[in-house]
Every structure is written in C-alpha cells, then in structure tokens.
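**Student:** Below: one structure in structure tokens.
Just so it is clear, none of the values below were taken in a lab; they were calculated from the coordinates. Since this is a predicted model, take the numbers as computed values, not measurements. Glycine gets a Cβ as well: all are built from the backbone with ideal geometry, and neighbour counts include every protein chain shown.
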Amino acid sequence: MALTDVDPLAWVRRLATEHDRQMTQLKLWNSWYEGNQPLSYMAPELLMELDDRMRQVIINWPQLVVDSVEERLDIEGFRMGGAETADRDLWDSIWQPNSLDQESQLGHVDALTMCRSFVILGAPDEGDSRPVVITVESPLQVFAERDPRTRKVIAALKRWEEVQPDHTRLKFATLYLPTMTIWFQQEAEGSEWAETDRDEHDLGVVPVVPLVNRARVSDRNGRSELAPITPLSDAACKIATDMMVGAEYHALPRRWATGISEDDFKDPSGRTVSALSKIIGRVWTSKNKDVNFGQFNETSLTNFHETLNSLARMVAAMSGLPPTYLGLATDNPPSADAIRAAEARLVKRAERKQRGLGESWEEVMRIALLIRDGSVPPEAQRLETLWRDPATPTFAQTADATVKLFAAGLLPKEIAWERLGFSATQIARMQGMEDAALTRLTAADLHALTTAPPSDPAPAATSGAGEDG
C-alpha cells in the first residue's frame, strides 16, 4: 500500500511518534541557543555542597555562532527564469504582505539552531486581503516526512496547545497531505484525535516546505550548526563558573588568627563587645598580646583565562568565526585586509547557506503561485532567489569596483544596482525614474521639432547682365 493511501489518523500517529522521538534533542538545541542549558562537567558532590549558591556562568557562544551566519542571510527578491530584473509581483503581492522580511529571519535562526524550520502555505480566510497566507513555523511544533525516492514532502503535521478561559489546555493538530488539509482536536490527554474540519484542495503537493540546514544525502532532516560547538561551550561555561568560585575563595587574601578565645570578645561584665568580621577591608584587632594575625597569599586566576582563550580558539576553528568575534583581540588593531581575510570562511559558509535555503524559498514561491493562480508558469521553474552580498566590504569599496566594471561595459546597470545593495523595490523605483526622465526628454525633442519656425525662402535667381530685351 502506498504511503499516500494511509488513513489520516494513522498519519497523525505516525508523524507524532517520530516527532516525539526527536523532540528531546530539538529542545536541547534550543536551550543552548537561548543560554539556559544545564550545567555540565561539574562534580555532583560539589553541586550538592554548594546547593542553591551555585549559579552557572553562561558564555553563549552557540548564539554567537548562529547569529553571525544568520545576519548575512537577507533575501532581497526573486527573479523569474530568463528575466533580467527582480519580479515585482512575487515581492509586492506575496512576500511583503506576509511580513517575510522578518519571518524569514526567524526561520533561518531556527533552521541553523534546530536543524530545520518550516514554511506553511494556505488560502486566506474570508476578509483577508492576502492572496496567499504564508507562515514560518518552529520544528518544535511541525514535522514532515519525505518520500525516500523523490525526497519530496509527502505528509506534514503541526501540533500545538491553547489555554482556554477555564485554564484547561486543548491540543490541536493539522495534517497536511498532497490532496487535503485536515484539522484535529484532542479533548483529553491520551484520547484519540477527533477530526474537526478538512479542506480538499487537490494541489498535488504538500503546502509545507522545510528550511533545512546542512542536509546530508542520508539525512535530509539536517544538522544543527551547534553540533560541534556545544561541547566546547559547555566546557567554557564550566571553567567560567569555576573561576567565579575561585574568585570567591582564593582570588582575595584570606586572613587567619591564632591565640583567640571567647573571652577576647567580652568585657569585664561578660557582655560581647565585638567579633572579627569577614567583610573585605575590615581591620582585625585584639588587646590580647598572645593573639597573632596573618593572611594567605591570593591565588592568580590566569589559568582560567588561558583555558577560556584556548576553548575560544577551538570554537573559532570549528565555526569559521574571526577570532575577534570571540574576544581574541591583539594589541595591534588588524588592518582592513586582515579583517576581510579573517571573515573569508564565514562569508563562504553564508554563501553555502544561501544556496540551500534559496532552493526552499523558491519552492515556497512556486506553491504560492499554485495556490493563487491555480498553476505555476514555466519560467517559475527556473526561479532564482536574490540574496544580499554576505561579505562585509565598505560601501565605498563596493561602489568604486562597481563603477569601474560598469564604465568598462562589463556590468549591466541593473546588476550594478544589485551589487550596491539596493532592494528590488528601490531598483524598480530607480528604473521608473529613468523611464520617466527618458519620456520627458523624448517629449521635449518632439515638441522642439513640431514647433520649429519655418526656414527662410531661398533667394530668387537674378537675370544675367547684357540679356536682350
């Protein structure tokens, strides 16, 4: 029996079981990004002794690794196959009404952190002015299964909870299939899902597109960008926490006293008059000549600093981040060329992400056209995602290089605008301004030709001298 013929409830159970199996790891990835991961590498005996006094020092390198790549993943438009400029229809009627400038960034963060995120498409509700509704979804709520032969999504499930006015929690689920979308509700924990509605759209494709990070041939579900970073990050958090404990007990001089008895703290009537304070800066004195005071030497925390620097270098090597991003600065400021050289790996990684994620966004636009128009035009099969340059040259350097290429005739004007970082809307506006200016110039030339004064008539020929009368 084909998978597409499986009963909807069987699909829900199948997808929910596989999603639950992966949920623990997904939540761990999310906790590392948010900086609330559990403390690692700490002796259980020490944790019991310190009890609630121990608070982990978080060095959130995972968030730095993800955000440094995501900051370079900005979509600026889409270009149809064979077209020279970005498609304004896709941008103005589909992308912008769904706030995908912001939502796409959220999807990229989740994909880099938790291996994947999802984009779900659907027809708008009554009264919604959008031609297509597109939402970016978390992998904590959505799971999709692919056909092992075509690698295409054949079924997807979204599950979520809603708190009711009486504080009870109701569970909901939506099953997405190539021919229909079905909504379910679960009244009580462990009860069977009950179908509440369905939409038989007959699109022929599942309106769910995964945004996958670092997919492998054998695993199309992706891999987290944090996989090689989290062990080093946990070690750094442990070292930083130890350093704070060391600062409490050893970084400041600890004092000692000998020859003191309880009578040294009482007056002749037996009342307590003073006690030695442990507060930093307080002076210890005693009238007892047999009392001796002293202090232990403080301990340097340099060994912690060196360990943290070593871990930071390992993170830089694994993630491709420039050392300066991790606080490994030198006394001499790096030159502009050195900064660009240090960012070369990071830029290349961002370009690779653009290629993989771009394919997914192109599929999103094709399904959006299918929902809106009922068909996908042939040129949309060769759709191209336009990304902002992930490199970080100065604008003056980019402008200088672009102007030289344009002046030499090696670069069309529209491509020059794209290289300078103008968005598809700005390029369309500038093109419109140029067209309007050309129209005005042409109209002025025509006006000059049609209103020119008539030329003077040629002078009449004079008769020759000596002509007979």
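**Student:** Simple spin-label model, 7 Å along Cα-to-Cβ: R419 to T135 in nm?
**Tutor:** Placing both labels 7 Å beyond Cα along the Cβ direction yields 4.3 nm.
**Student:** Any idea what the dipole of segment 341-400 comes to, in debye rounded to 20, about its Cα centre with Lys/Arg Cβ at +1 and Asp/Glu Cβ at -1?
**Tutor:** 280 debye
**Student:** Which three lengths, in whole Å and largest first, does segment 51-103 cover when its Cα atoms are put on their principal axes?
**Tutor:** 65, 21, 11
**Student:** Assuming R0 = 45 Å, can you tell me the calculated FRET efficiency for the pair K171 and R352, based on Cβ-Cβ distance, to the nearest 0.05?
**Tutor:** With a Förster radius of 45 Å, E is 0.75.
**Student:** Quick check: pseudo-label points 7 Å beyond the Cα along Cα→Cβ at E187 and L438, how many nm apart are they?
**Tutor:** About 6.9 nm, to one decimal.
**Student:** What does the charge dipole of segment 114-187 about its Cα centre add up to, to the nearest 20 debye, if the Cβ of each Lys and Arg holds +1 and the Cβ of each Asp and Glu holds -1?
**Tutor:** Once rounded to the nearest 20, the dipole reads 560 debye.
**Student:** Work from the charge dipole of segment 159-204 (Cβ charges, +1 for Lys and Arg, -1 for Asp and Glu, about the Cα centre) and give the residue of H167, L203, Q185 farthest towards its positive end.
**Tutor:** Farthest towards the positive pole: H167.
**Student:** Extending each Cα 7 Å along its Cβ direction at Q102 and L405, get the distance between those two points in nm, one decimal.
**Tutor:** 3.4 nm
**Student:** Rg over Rh of segment 162-215, using C-alpha atoms and the Kirkwood radius, what does it come to?
**Tutor:** 1.12
**Student:** Once you compute Rg and the Kirkwood Rh from C-alpha atoms, what is the Rg to Rh ratio for segment 343-428?
**Tutor:** Taking Rh as the inverse mean 1/r over Cα pairs, Rg/Rh reads 1.06.
**Student:** Could the peptides 232-242, 111-121, 203-213 be put in order, highest first, of the mean number of other beta-carbon atoms found within 10 Å of their residues?
**Tutor:** Ranking the peptides 232-242, 111-121, 203-213 by packing returns 111-121, 203-213, 232-242.
**Student:** Need one word for segment 102-194: rounded, prolate or oblate. Basis is the Cα gyration tensor (sqrt eigenvalues a ≥ b ≥ c); a/c below 1.5 gives rounded, then a/b vs b/c decides.
**Tutor:** Rounded shape, in that the Cα axes give a/c under 1.5.
**Student:** Let me ask you something else. Percent relative contact order of segment 118-251, based on C-alpha pairs within less than 8 angstrom and at least six residues apart?
**Tutor:** Here the relative contact order equals 16 percent.
**Student:** Would you work out the charge dipole size for segment 77-236 about its Cα centre, treating the Cβ of every Lys and Arg as +1 and the Cβ of every Asp and Glu as -1, and quote it to the nearest 20 debye?
**Tutor:** Approximately 980 debye in magnitude.
**Student:** Another question about this same structure. How large is the convex hull of the Cα atoms of segment 79-146 per residue, expressed in Å³ as a whole number?
**Tutor:** 133 Å³
**Student:** Are any of the pairs K152/K353; K27/K158; K27/K353; K353/K413 more than 25 Å apart by Cα-Cα distance, and if so, which?
**Tutor:** Those over the limit are K353/K413.
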